[in-house]
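Bear in mind that the values in this text are calculations on the coordinates, not laboratory data. This structure is a prediction, so every number in the text was calculated from the model and none was measured. Quick reminder, even Gly has a Cβ in these numbers, built from the backbone with ideal geometry, and neighbours come from all protein chains shown.
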Amino acid sequence: MNALELLLLKLGGSFLLAKFLPYFLLLLLGVGFAWVVFRKLQRRNAKRWLNLSIVFLLALMPFSLYFAAFPIFQGDLLSMGYSPKSNLKFPFETGVVVVALPGCKYCSESTKLMNQIHQKLPGKTQYWVLGTDSLDVLAYDKLLSEEIFCRSAMHQKELLPVTEGSFPTFLWIKNYRIEKAWHNNDFGASAMQEIQP
């Protein structure tokens with residue numbers, strides 16, 4: 001999440017609002033700017049197709065630049081989660097568990113997002129590392145804020161099929177059980193909105 005999205009979240013916006021409001025505002029800004037330029041170009045006797053081409057490009061430019069810097073992914077538009085069949089019981093009633101692998105680049109990158117949003121998520125936020133080496137847990141613990149607990153994963157044999165071999169996997173825990181799960185590319189604004197209180 002970028003600084004503008006985080007600001008909108010802090011002001012009380014939802015994950016979807018924080019993701020899509022900047023695009024809408026930049027589109028309005030572009031159209032407004034294009035309208036001013038169009039009015040000025042009409043006064044000149046330039047070719048009409050050239051004027052319309054310039055105006056069209058100016059209208060889309062702010063939106064396009066923002067999209068290039070902060071793209072919208074499929075997981076932002078649709079909740080791509082799945083409901084795994086598992087009898088695992090978790091040691092807390094509600095929260096998000098991120099199942100990570102030792103040395104996984106994408107798992108490490110996910111810590112930035114979770115550090116930014118964990119306060120907006122209900123319940124506890126935890127990282128469960130598949131492995132037995134305490135150094136692997138320590139590596140993640142250094143990347144996470146103090147409020148996010150990191151541990152070696154409990155019930156690793158039962159947890160592995162839940163991930164479907166994709167890491168990190170984000171688990172939404174409700175009533176001590178897995179309610180829903182998302183793979184790394186699927187955990188976007190739509191998924192976060194689904195679990196936001």
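Global dimensions of segment 3-72 from alpha-carbon coordinates: Rg and Dmax equal 15.5, 49 Å. At 0.36 nm per residue, and after removing the present C-alpha to C-alpha distance, how many nm does the segment from Ser152 to Leu88 gain when stretched out fully? The Ser152-Leu88 span can extend by a further 21.5 nm.
Counting beta carbons within 10 Å around each of Met192, Met114 and listing the fewest first gives the order Met114, Met192. Loop-resident trypsin sites (Lys or Arg not before Pro) (DSSP state other than H, G, I, E or B) in segment 125-195 with no more than 12 further Cβ atoms inside 10 Å of their Cβ are absent. Between the DSSP loop rule and a limit of at most 10 other Cβ atoms within 10 Å, which trypsin sites (Lys or Arg not before Pro) in segment 17-112 are left? Qualifying residues, ordered by number: Arg44, Lys47, Lys85. Extension gain for the segment Leu138 to Leu113, taken as residue separation times 0.36 nm less the Cα-Cα distance, is 7.1 nm to one decimal. Of all alpha-carbon pairs in the chain, indicate the percentage at a distance above 21 angstrom. Counting pairs separated by more than 21 Å, the tail of P(r) holds 58 percent. Please list, or write none, the lysines whose alpha carbon is within less than 22 Å of the alpha carbon of Lys180, excluding same-chain residues fewer than 8 places away. Partners found: Lys19, Lys85, Lys89, Lys112, Lys120, Lys124, Lys157. Applying the Karplus relation 6.51 cos²θ - 1.76 cosθ + 1.60 with θ = phi - 60° to segment 10-26 yields 3J(HN,Hα) values of 5, 7, x, x, 7, 4, 5, 4, 5, 6, 9, 4, x, 5, 5, 5, 5 Hz, where x marks Gly and Pro.
Cβ crowding within 10 Å, taken as a proxy for footprinting-reagent exposure, orders Thr169, Thr94 from fewest neighbours to most as Thr94, Thr169.
Gyration tensor analysis over the Cα atoms of segment 80-195 returns equivalent ellipsoid semi-axes of 18, 16, 14 Å (largest first, whole Å). Applied to segment 83-96, the Karplus parametrisation 6.51 cos²θ - 1.76 cosθ + 1.60 on θ = phi - 60° returns per-residue 3J(HN,Hα) values of 10, x, 8, 8, 9, 4, 10, 9, x, 8, 6, 9, x, 10 Hz, with x for Gly and Pro.
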